[in-house]
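Structure provided below as structure tokens; questions to follow.
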Amino acid sequence: AMSSGLPSRSNGFIFASPVPEVAPLAPTLAKLNTYAEPYHLAQLRTTPITETPVLPWNWKTMFENGLEPLHTHFLHHGLHDFAPWPEFLDFDDGDGQIMHPTRFREIDQGYNPLNRSLLPILPDLDEQRRSQVMFAAVPPTLYLGFLPDHVFWSLYLPEGPTSMRIRGGLLVHPSARDLPEYARLIV
């Protein structure tokens, strides 16, 4: 959000609003900022940005679906088997983010056919962060996922009431680009 016409920065992301009188966003992201600190997001490197074609559904439904983790055992059966324990963080008045961790069965797991982190593990993560994925949303359209070896980000872009696009990418440790198989691992 913007305050006095100036954009707000948080962890390498820039937030802006066309309404100059809006309250600053940064103070409302305290929980997200605390959790993200050891990831050093502003120092990570972004992969090429991808964008879906127009999708024939409402963006609000898609966004809310990602905030509710209980659906994963039913809709993502198989994909989520390595991360079976969703939890909820309390949402307090004034929070600008919604966050929910999902614990892994083992340390350093990931969303791929091997269920393992494939990129370099981010160096300053504690065992708790390496043992879960933290999903975080900054309404109305930013969605993040913090994993041991990368952070994914998605922007949900409304095209109208019944259509949307998703633009996103990964944030990885700079050393990931040195891996011979880097281009295959980031798809």
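Is the shape of region 130-185 rounded, prolate or oblate, going by the alpha carbon gyration tensor and its root eigenvalues a ≥ b ≥ c, with a/c under 1.5 for rounded and a/b larger than b/c for prolate?
Here region 130-185 falls in the oblate category.
Could you go through region 126-137 in sequence order and give the Karplus-derived ³J(HN,Hα) for each residue, using 6.51 cos²θ - 1.76 cosθ + 1.60 with θ = phi - 60°, rounded to whole Hz, and x for Gly and Pro?
Values, residue by residue: 7, 4, 4, 5, 7, 10, 7, 10, 10, 8, 9, 10 Hz.
Using the heavy atoms of the protein chains alone and a 1.4 angstrom probe, what is the accessible area of the chain per residue in square angstrom?
55
When the dipole is taken about the Cα centre of region 71-179, and only Lys, Arg (+1) and Asp, Glu (-1) are charged at their Cβ, what size is it in debye, to the nearest 20?
480
Okay, next question. Leu89's amide H: which non-local residues (gap 5+, or another chain) put their own amide H closer than 5 Å, with H modeled 1.01 Å from N in plane and none for Pro or chain starts?
Met99
Among His77, Ala42, Pro174, whose Cα projects farthest towards the positive end of the dipole of the chain, with charges put on the beta-carbon of Lys, Arg (+1) and Asp, Glu (-1)?
Projecting each Cα onto the dipole axis, the largest value belongs to Pro174.
I'd like the accessible area for Val22, computed on protein heavy atoms only with a 1.4 Å probe and all protein chains in place. Round to 10 Å², please.
Approximately 50 Å² for this residue.
Separate question: Expressed as a whole percentage, what fraction of the accessible surface of the chain belongs to carbon and sulfur atoms when a 1.4 Å probe is rolled over the protein heavy atoms?
Here it works out to 59 percent.
Sticking with this structure for a sec: Alpha carbon centre of region 120-162 versus region 164-182: separation in Å?
What the calculation gives is 13 Å, centre to centre.
On to the next question. I'd like the Karplus ³J(HN,Hα) series for region 149-157: coefficients 6.51, -1.76, 1.60, θ = phi - 60°, whole numbers in Hz, and an x wherever there's a Gly or Pro.
Those phi angles translate into 10, 5, 10, 9, 9, 9, 10, 8, 10 Hz.
Right, something else. Kindly report, to the nearest 10 Å², the accessible surface of Leu114 as traced by a 1.4 Å probe over protein heavy atoms only.
120
Arg165's amide H: which non-local residues (gap 5+, or another chain) put their own amide H closer than 5 Å, with H modeled 1.01 Å from N in plane and none for Pro or chain starts?
Those qualifying (amide H under 5 Å, at least 5 residues apart or on another chain) are Leu55, Leu157, Glu159.
Determine the calculated [θ] at 222 nm for the chain from helices alone, applying -39500 (n - 2.57) to every DSSP H run no shorter than 4 residues and normalising by the residue count; nearest 500 deg cm²/dmol.
Counting only the DSSP helices, I get -3000 deg cm²/dmol.
Would you indicate which of [x] 18.7, 57; [y] 16.7, 49; [z] 15.9, 48 is the value of Rg and Dmax of the Cα atoms in Å derived from the coordinates of this structure?
[y]
The values are calculated or read from the model by the stated rules, or taken from the named source; none is laboratory data. Since the structure is predicted, the reported quantities are computational estimates derived from the model, not experimental observations. Glycine also receives a Cβ, built like all others from the backbone with ideal geometry; neighbour counts cover every protein chain displayed. Side chains are part of the model used for accessible areas, which takes the heavy atoms of the whole protein and leaves out ligands, DNA and RNA. Shrake-Rupley method; radii C 1.70, N 1.55, O 1.52, S 1.80 Å.
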